[in-house]
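Novice: Sharing a structure, written as structure tokens. Questions coming.
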Amino acid sequence: MKKILWLFAFGGLFLLSCSDDDVVVDQIPDPDPIVYTSGTANFSNYVAVGNSITAGYSDNALFIDGQTNSFPSMLAENFALAGGGDFNIPFMADNLGGATLGGQPILGNRLILDFSSG
């Protein structure tokens with residue numbers, strides 16, 4: 001018991017000997033602006049050819065949100081920052097996904113993950 005008491009006393013002194021010597025930085029310097037350059041590459045013409053992954057096929061359907069988040073669309077957005085040309089995507093007629101008849105879903109709609117509570 002006496003050995004444990006000395007251990008607690010030493011531990012208490014060890015914790016009390018700590019001090020707060022950290023200097024608080026009040027101002028965070030602004031980062032340098034990013035300058036995008038294409039170097040020797042020419043991004044004025046960009047064509048994306050591929051399969052369903054290239055088209056933005058997701059959630060078992062092809063719809064506008066999937067196409068805007070496809071990797072060719074993301075590449076074109078970054079190419080535009082470096083002086084690239086326009087990139088046109090032939091979007092689907094609706095943002096529903098799934099089978100439609102006359103603009104109305106007939107086999108259910110795409111599944112959307114909703115994080116709202118309720």
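Novice: Which whole-number percentage describes the relative contact order of the chain, with Cα contacts under 8 Å and a sequence gap of 6 or more? Write down the numbers at each step before the final one.
Specialist: Working: 99 pairs, mean separation 23.9, N = 118.
Relative contact order, the chain: 20 percent.
Novice: With springs only between Cα atoms under 10 Å apart, run a GNM on the chain and tell me which of Val24, Val47, Val35 wobbles the most.
Specialist: Sorting by GNM fluctuation, first place goes to Val24.
Novice: Which whole number in µm²/s is D for the chain by Stokes-Einstein, with the Kirkwood Rh taken over Cα pairs at 4 °C and 1.567 mPa s?
Specialist: 63
Novice: How large is the Rg to Rh ratio of region 40-90 when both quantities use alpha carbon positions and Rh follows Kirkwood?
Specialist: 1.01
The numbers here are math on the coordinates, done by the rules we state, and not lab data. Please read these numbers as outputs of a predicted model, since none were measured by experiment.
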